Amino acid sequence: MKVSIITIVYNNKETIADAIESVLSQSYPNIEYIVVDGKSTDGTIEIIHSYGNKISKLVSEIDSGLYDAINKGIRLATGDIIGLLHSDDLLSSSDTIATIASAFRMHSVDSIYGDLLYVQRHDITKVVRKWVSGSYKRKDFLCGWMPPHPTFYVKKACYEKYGLYNTIFRSAADYELMLRFLYKQNISTYYVPEVIVRMRVGGKSNITLQNRLRANQEDYKAWLVNDLKPHFYTRFLKPLRKLVQFF
């Protein structure tokens, strides 16, 4: 079973090497590593080139944003399973992908997700928040639940059947895709009760209150574009669920 891991990066020379190293240090032998660079100008591309053929595929060109770049990576992927690792993030351990691949084989599912740690940008040993996902129940989407997107690994066949990331969204295309795959199309999934990713704080959707409010509006739109009807409280419970991650 081949696992394709996609890293999207633009002008992030500070942490791109950490992301790359966390993939290259994996014990699982059958990994295709794809890096999609948005034509960086700060030295990022030189760092990527320094790894040579250890990176399976590299694209460096101007894109139309994060989700357009992710879609490029998915189209290039030849693995049975596809996962994302953003350039600020790290896989939790050297056995993370082996654990994910084993779960796919043992449970014969379409997707896998796990837990996530938010860590300080300059000290990844200091945990800011812990996102414990819990087992999947479809009705939980109506109560604001979603799995942590960086831990979400999906069979390529699901992208081929149900589509890629919807680029009309600025910050909630990840939520829309998981809502579409898990809730609308009811693909099968399995929860791995382990930390999959360490994510540096400062994500695009929640870095400011204005962005958080915009993301909340996009969350609601994600239901509408899929002809789904959330409860009136769904969009408000979603950000509230994050509060428990601080304790």
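The values are calculated or read from the model by the stated rules, or taken from the named source; none is laboratory data. These numbers were taken from a predicted model, which means no experiment stands behind them. Heads up, the Cβs are rebuilt from the backbone with ideal geometry, glycines too, and the neighbour counts pull from every protein chain shown.
Structure values in brief
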quantity	calculated
Condition met for Val9 (buried (at least 17 other Cβ atoms within 10 Å of the Cβ), among the hydrophobic types (A, V, I, L, M, F, W, C) and under 26 Å from Ser102 (Cβ atoms))	no
Listing of helices (runs of 4 or more DSSP H) fully contained in the stretch 5-105 that carry 2 or more residues being within 23 Å of Arg200 (Cβ to Cβ) and within 19 Å of the chain's Cα centre (by Cα)	16-24, 66-76
Pro193 being at pLDDT 95 or above, buried (at least 18 other Cβ atoms within 10 Å of the Cβ) and touching a strand residue (DSSP E or B) at 6+ places or on another chain (Cβ under 8 Å)	no
Residue within the stretch 121-131 that is among the hydroxyl-bearing types (Ser, Thr, Tyr) and either part of a loop (DSSP other than H, G, I, E, B) or surrounded by 15 or more Cβ atoms within 10 Å (Cβ to Cβ) (or both) present	no
Exclusive hit being touching a residue at least 12 places away in the same chain (Cβ under 8 Å) and either in a helix (DSSP H, G or I) or surrounded by fewer than 21 Cβ atoms within 10 Å (Cβ to Cβ) (or both), set Leu116, Leu177	Leu177
Check on Thr151, surrounded by 15 or more Cβ atoms within 10 Å (Cβ to Cβ), out of contact with any helix residue (DSSP H, G or I) (no Cβ under 8 Å at 6 or more places or on another chain), modelled with pLDDT of 95 or more and of a type in the set (S, T, N, Q)	yes
